[in-house]
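The values are calculated or read from the model by the stated rules, or taken from the named source; none is laboratory data. What you see is a predicted model; the values in this text were computed from it and never measured. Here the Cβ positions follow ideal geometry from the backbone for every residue, glycine too, while neighbour counts run over all protein chains shown.
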Amino acid sequence: MKKGGGCDRNCRLLTMNKKVLICTVIFALMLAVVSCNRQEDEPVVKTGFYLDTLIKISAYGPGASEAIDACFERLGEIDVKMNARASDSEVAAINEAAGEHSVQVSPDTFFVIKRGLYFSELSGGRFDITVGPLVNLWGIGTDRARVPEKSEIEEALNLINYNDVLVDEDQKTVMLKRPGMAIDLGAIAKGYAADEVIRILKERGIKSAVADLGGNVYVLGKKPNGQPWKIGIQDPFELRGDIFATVEASDKTLVTSGVYERYFEEGGKRYHHLLDTSTGYPVDNGLVSVTIISDSSMDADALSTTVFSLGLEQGMQLVESLPDVEAVFVTKDKEVYVSSGMSAYNFQITDESFTLKQ
């Protein structure tokens with residue numbers, strides 16, 4: 001790769017292949033749905049592309065088609081407001097005004113930013129919604145991905161500080177104190193979107209459904225046959241759609257963050273998108289994925305990144321301190337560690353190359 005020149009041919013092929021894979025596989029068997037009566041249990045299934053993610057919603061029962069359409073309309077609204085890569089989004093407007101003035105935003109965006117600041121504080125900045133300068137610098141997941149110079153990384157790190165986000169609850173305004181700062185809600189907005197999908201489905205009387213927003217899965221109710229959903233956990237060493245374990249759940253969300261999601265390779269080394277706000281480089285702590293199970297997909301989204309960044313020991317401590325939150329950790333040696341409440345979800349390893357550790 002030429003420095004400052006974006007990806008070389010291999011990097012571009014990786015990015016292209018990733019996009020092709022996502023669009024063609026269409027979530028190959030992340031969920032095992034068993035139908036006893038095909039006619040009665042056949043779901044309405046629709047897909048769309050929002051928040052830089054292919055989204056699939058499956059719902060059962062009368063009014064399912066209209067309910068899913070309402071969900072996608074809502075997803076479009078959220079995308080327009082919170083996508084940092086869209087020049088006309090509310091997040092882009094906040095970033096453009098950094099160091100100059102505050103920006104009034106919608107209740108949606110304000111709520112997600114406030115929740116993002118909560119997790120930024122909870123993690124001591126390991127999760128930080130002002131990570132935008134670093135994300136933009138690396139460009140991982142785009143055709144301009146590259147390994148930045150050390151001086152560039154240091155400059156970006158100086159702009160990351162969630163304490164420099166000023167919010168006004170009454171006016172619903174947000175301001176970044178210093179020029180060059182940038183908010184990125186990529187690690188929390190998709191979870192909020194999943195929560196909104198489930199809220200809409202419930203309001204429309206849907207009792208059984210699955211919302212799959214890339215690495216965010218939310219199951220509503222139980223399967224039509226009355227059994228809990230069986231959800232596959234992504235194998236972090238394989239392409240999306242391959243699983244290494246399963247859990248069973250109802251009315252829960254499952255969110256996974258891992259090194260396989262977005263990355264590029266240079267000099268035989270993989271650089272993934274989970275960036276360390278203390279070093280400026282991709283997190284390197286022996287973990288390859290973390291899966292969070294919770295009631296809130298927004299919280300699980302933020303926590304999966306937070307816990308991954310904290311590492312196995314500190315991450316497990318945080319999970320165990322939170323109510324109604326469980327986690328599955330996978331190390332680079334294919335060792336699997338689970339939180340104390342995972343037995344409630346009938347956690348099963350399906351790939352014998354992985355080892356469950358105490």
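Within segment 70-91, the set of residues being surrounded by 15 or more Cβ atoms within 10 Å (Cβ to Cβ), among the charged types (D, E, K, R) and free of Cβ contacts under 8 Å to residues at least 24 places away in the same chain comprises just one member, 90. None of 331, 305 is over 27 Å from residue 192 (Cα atoms) and among the polar types (S, T, N, Q) except 331. Applying a threshold of 6 Å to beta carbon distances and a minimum spacing of six or more residues, or different chains, the list of pairs starting in segment 195-220 at a residue that is within 13 Å of residue 55 (Cβ to Cβ) and touching a residue at least 12 places away in the same chain (Cβ under 8 Å) and ending at one that is of a type in the set (D, E, K, R) and in a strand (DSSP E or B) reads 212/56.
Residues of segment 320-358 that are among the aliphatic types (A, V, I, L, M) and more than 20 Å from residue 231 (Cα to Cα): 322 alone.
Look at residue 182 and say whether it is in a helix (DSSP H, G or I), among the aliphatic types (A, V, I, L, M) and within 24 Å of residue 76 (Cβ to Cβ). No, not satisfied.
Can you confirm whether segment 338-347 contains a residue that is closer than 26 Å to residue 282 by Cα and either in contact with a strand residue (DSSP E or B) (Cβ under 7 Å, 6 or more places away or on another chain) or without any contact (Cβ under 8 Å) to a residue 60 or more places away in the chain (or both)?
Of the residues in segment 338-347, the ones closer than 26 Å to residue 282 by Cα are 338-339.
Keeping just the survivors that are either in contact with a strand residue (DSSP E or B) (Cβ under 7 Å, 6 or more places away or on another chain) or without any contact (Cβ under 8 Å) to a residue 60 or more places away in the chain (or both) gives 338-339.
Checked against the condition, which is being closer than 26 Å to residue 282 by Cα and either in contact with a strand residue (DSSP E or B) (Cβ under 7 Å, 6 or more places away or on another chain) or without any contact (Cβ under 8 Å) to a residue 60 or more places away in the chain (or both), segment 338-347 yields at least one hit.
If we scan segment 319-328, do we find a residue that is at pLDDT 95 or above, assigned to a helix (DSSP H, G or I) and buried (at least 20 other Cβ atoms within 10 Å of the Cβ)? Within segment 319-328, one or more residues are at pLDDT 95 or above, assigned to a helix (DSSP H, G or I) and buried (at least 20 other Cβ atoms within 10 Å of the Cβ).
Listed here are the strands (runs of 3 or more DSSP E) enclosed by segment 192-286 that have at least 1 residues being out of contact with any helix residue (DSSP H, G or I) (no Cβ under 7 Å at 6 or more places or on another chain), under 19 Å from residue 330 (Cβ atoms) and modelled with pLDDT of 95 or more: 216-220, 229-234, 243-249, 252-258. If you filter segment 168-197 down to residues that are basic (Lys, Arg) and under 30 Å from residue 211 (Cβ atoms), you find that the one that is surrounded by the most Cβ atoms within 10 Å (Cβ to Cβ) is 190.
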